[in-house]
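A.B. asks: My questions all concern the structure below.
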Amino acid sequence: MTSEGIILRDAKQGAAPDVETFLARSVRGLEWLAAAEIETDLGGEIVEVGHREIVFRAPRDSKISQLGSIDDLFFVCGEIDAIDRTRASLSRLAEGVRKLPLARFLAKVEKFRPVRRSSGFEVVGSFLGRRNYNRKEIETSAGEAIAGIVSLPFFDHDLIDPGAVDVSFRIHIRDTQAIVGLRVTSRSLHRRDYRTASIPGALHPPVAFAMAMLGGAQPGHLITDPCCGTGTLLIEAKRLIPDTMAIGSDFSEVSLQAARNNGINAGCALWLARADLGRLPYRDGSADCVLANLPWGQAVQPEGIVRNDIGLAISEILRVLARDGNAVLLMPPADDMLDKRCRTLWPIPIRVAGRWTTIYVVAGNKYANRRPACLETRYGPSLQRMWDRFGDIAVVGAPADGAA
């Protein structure tokens, strides 16, 4: 420990050749699921899972930028201890940042992708718990210190357009420790190139990808979204399992046109039709998996037959669901609405857009003893293992009534 009480740990120490330490940021409540994707698709070693973050070790490989369930991805440049709630921590943070090998990590990013050094860099700060300083002060203290190391101009990210800079540092403070990250990609992974058309209530893509993981669909299956909106759930499901048929419907022709455009941009073949959520044009038991972000009157109002009774939509979803299939529904905690109609296999509380809601994995009441179908996919062993290890992080702090 230095005289200032700062402990610096280089994330590279102890790592095998060609293996890096990464920090992934996720939606609150999906940390464990993101860890399962990382373990399965990258063979990554999960080091730590916390509030909206996963620290892991994995080879530096282009596949890492294809992770679908995470919001953002950073190289871990190091950690700085003794960052408490007092304002003196700002100077300790700056001193610690100056001792990290940030130029070396910037060179690693340049091996991964081109970097426009002339565009400069930004710093995004965040913290847990009460502090006697704010996010802006974290960003300024760290940014001025970083500028002296990497010889790039520092820009306040609140004052520039998204994507204006190619280099983004992340400072996240939890307890008495700051973790310093450098974004691997040029922009956040949750931003999808195909999303050129959007409407209010459009689903966050990593949440859609997570729902597709939980759906348990296999190659050759038919996946249905009966209120598809802009097509995000169907596109993310096709991204996860390309060899599936994706069929969607919606009451709004505007939404369907947005879904068509996004599907074309994503290179996905989507079958789309206008239909009422309360009277779906699908045969009984025809869908191997149903994915739905139901209109609950918050961002999107229910229309048509279900306007006054959204429970009719759930009945229709169960009608078209295959006998051994699962439906994955995003909706506020449902009291007894689901219990009356189906068997809840897995309720997963998450926080999106500043509100708590729940992902429900459900099956028909006749199949109450079945396990969730996702546990039979290639992600299954890791999903179960990561839920057992880290699932409590998902439920701590989640209110039973779904309030913000």
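The values are calculated or read from the model by the stated rules, or taken from the named source; none is laboratory data. Here the structure is a predicted model, which is why all the values come from computation and not from measurement. Virtual Cβ from ideal backbone geometry, glycine too; neighbours counted across all protein chains shown. Heavy atoms of the whole protein, side chains included, go into the accessibility calculation; ligands, DNA and RNA do not. Shrake-Rupley method; radii C 1.70, N 1.55, O 1.52, S 1.80 Å.
A.B. asks: Which one is farthest from R92 (Cα to Cα), of the residues in the range 180-192 that are in contact (Cβ under 8 Å) with a residue 60 or more places away in the chain and surrounded by fewer than 22 Cβ atoms within 10 Å (Cβ to Cβ)?
C.D. replies: Looking at residues that are in contact (Cβ under 8 Å) with a residue 60 or more places away in the chain and surrounded by fewer than 22 Cβ atoms within 10 Å (Cβ to Cβ), I get R192.
A.B. asks: Next question. Right, W346: among the aromatic types (F, W, Y) and open to solvent by 50 Å² or more (accessible area, probe 1.4 Å) or not?
C.D. replies: no
A.B. asks: Name the residue that is nearest to S89 (Cα to Cα), counting only residues in the range 163-179 that are assigned to a loop (DSSP other than H, G, I, E, B) and of a type in the set (A, V, I, L, M).
C.D. replies: Across the range 163-179, the extreme among qualifying residues is V165.
A.B. asks: Taking G143 and the conditions (1) open to solvent by less than 10 Å² (accessible area, probe 1.4 Å); (2) out of contact with any Asp or Glu (no Cβ under 7 Å at 6 or more places or on another chain); (3) closer than 30 Å to A269 by Cα, which numbered condition does it fall short on, given that it satisfies the others?
C.D. replies: Going through the list (1) open to solvent by less than 10 Å² (accessible area, probe 1.4 Å); (2) out of contact with any Asp or Glu (no Cβ under 7 Å at 6 or more places or on another chain); (3) closer than 30 Å to A269 by Cα, G143 breaks only (3).
A.B. asks: I want to confirm something. Restricting to the range 36-74 and keeping residues that are touching a residue at least 24 places away in the same chain (Cβ under 8 Å) and of a type in the set (K, R), which single residue is nearest to R378 (Cα to Cα)?
C.D. replies: Top of the filtered list is R57.
A.B. asks: Kindly indicate whether any position in the range 144-162 is outside any helix (DSSP H, G or I), within 30 Å of N293 (Cβ to Cβ) and of a type in the set (D, E, K, R).
C.D. replies: Quick first cut of the range 144-162, residues outside any helix (DSSP H, G or I) only: 151-156, 160-162.
Add one more test, that the residue is within 30 Å of N293 (Cβ to Cβ), and what stays is 161-162.
Filter again for of a type in the set (D, E, K, R), leaving 161.
Scanning the range 144-162 turns up at least one residue that is outside any helix (DSSP H, G or I), within 30 Å of N293 (Cβ to Cβ) and of a type in the set (D, E, K, R).
A.B. asks: Okay, moving on. Filter the helices (runs of 4 or more DSSP H) completely within the range 205-266 down to those with at least 3 residues that are within 19 Å of the chain's Cα centre (by Cα) and under 18 Å from I70 (Cβ atoms).
C.D. replies: Passing ranges, in order: 205-215, 232-240.
A.B. asks: Only one of (1) among the aliphatic types (A, V, I, L, M); (2) open to solvent by less than 10 Å² (accessible area, probe 1.4 Å); (3) at pLDDT 90 or above is not met by M331, so which one is it?
C.D. replies: The one condition M331 does not meet is (3).
A.B. asks: Another question, then. Out of all the residues in the range 317-327, is one or more under 21 Å from the mean Cα position of the chain (by Cα), touching a residue at least 24 places away in the same chain (Cβ under 8 Å) and open to solvent by 10 Å² or more (accessible area, probe 1.4 Å)?
C.D. replies: no
A.B. asks: Right, something else. When the range 90-111 is examined, which residues are found to be of a type outside the set (K, R) and either without any contact (Cβ under 8 Å) to a residue 60 or more places away in the chain or under 14 Å from L189 (Cβ atoms) (or both)?
C.D. replies: Matches in the range 90-111: L90, S91, A94, A103, A107, E110.
Here is a yes/no grid of residues against (1) in contact with a Ser or Thr (Cβ under 9 Å, 6 or more places away or on another chain); (2) modelled with pLDDT under 95; (3) crowded, with 16+ Cβ neighbours inside 10 Å; (4) among the hydroxyl-bearing types (S, T, Y):
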{"position": "R239", "(1), (2), (3), (4)": "no, no, yes, no"}
{"position": "S255", "(1), (2), (3), (4)": "yes, yes, yes, yes"}
{"position": "A266", "(1), (2), (3), (4)": "no, no, yes, no"}
{"position": "L294", "(1), (2), (3), (4)": "no, yes, yes, no"}
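A.B. asks: If you take the residues in the range 33-70 that are in contact with a Lys or Arg (Cβ under 7 Å, 6 or more places away or on another chain) and surrounded by 21 or more Cβ atoms within 10 Å (Cβ to Cβ), which one is nearest to D193 (Cα to Cα)?
C.D. replies: I70
A.B. asks: What number of residues within the range 219-234 satisfy the criterion of being without any contact (Cβ under 8 Å) to a residue 60 or more places away in the chain and of a type outside the set (V, I, T)?
C.D. replies: So the answer is 5.
A.B. asks: I need the full set of residues from the range 277-292 which are open to solvent by 30 Å² or more (accessible area, probe 1.4 Å) and not hydroxyl-bearing (S, T, Y), in order please.
C.D. replies: Residues satisfying the conditions are R279, P281, R283, D284, G285, D288.
A.B. asks: Follow-up. Answer yes if at least one residue in the range 122-140 is open to solvent by 50 Å² or more (accessible area, probe 1.4 Å), touching a residue at least 60 places away in the same chain (Cβ under 8 Å) and of a type outside the set (S, T, Y), and no otherwise.
C.D. replies: Looking for residues that are open to solvent by 50 Å² or more (accessible area, probe 1.4 Å), touching a residue at least 60 places away in the same chain (Cβ under 8 Å) and of a type outside the set (S, T, Y), one finds at least one in the range 122-140, hence yes.
A.B. asks: Of the conditions (1) more than 19 Å from A82 (Cβ to Cβ); (2) under 19 Å from the mean Cα position of the chain (by Cα), V165 satisfies every one except a single condition; which number is it?
C.D. replies: (2)
A.B. asks: Restricting the search to the range 150-178, which residues are touching a Leu at 6+ places or on another chain (Cβ under 9 Å) and either over 17 Å from S118 (Cβ atoms) or not hydroxyl-bearing (S, T, Y) (or both)?
C.D. replies: The answer is V150, L152, V165, V167, F169, R170, I171, H172, I173, R174, D175, A178.
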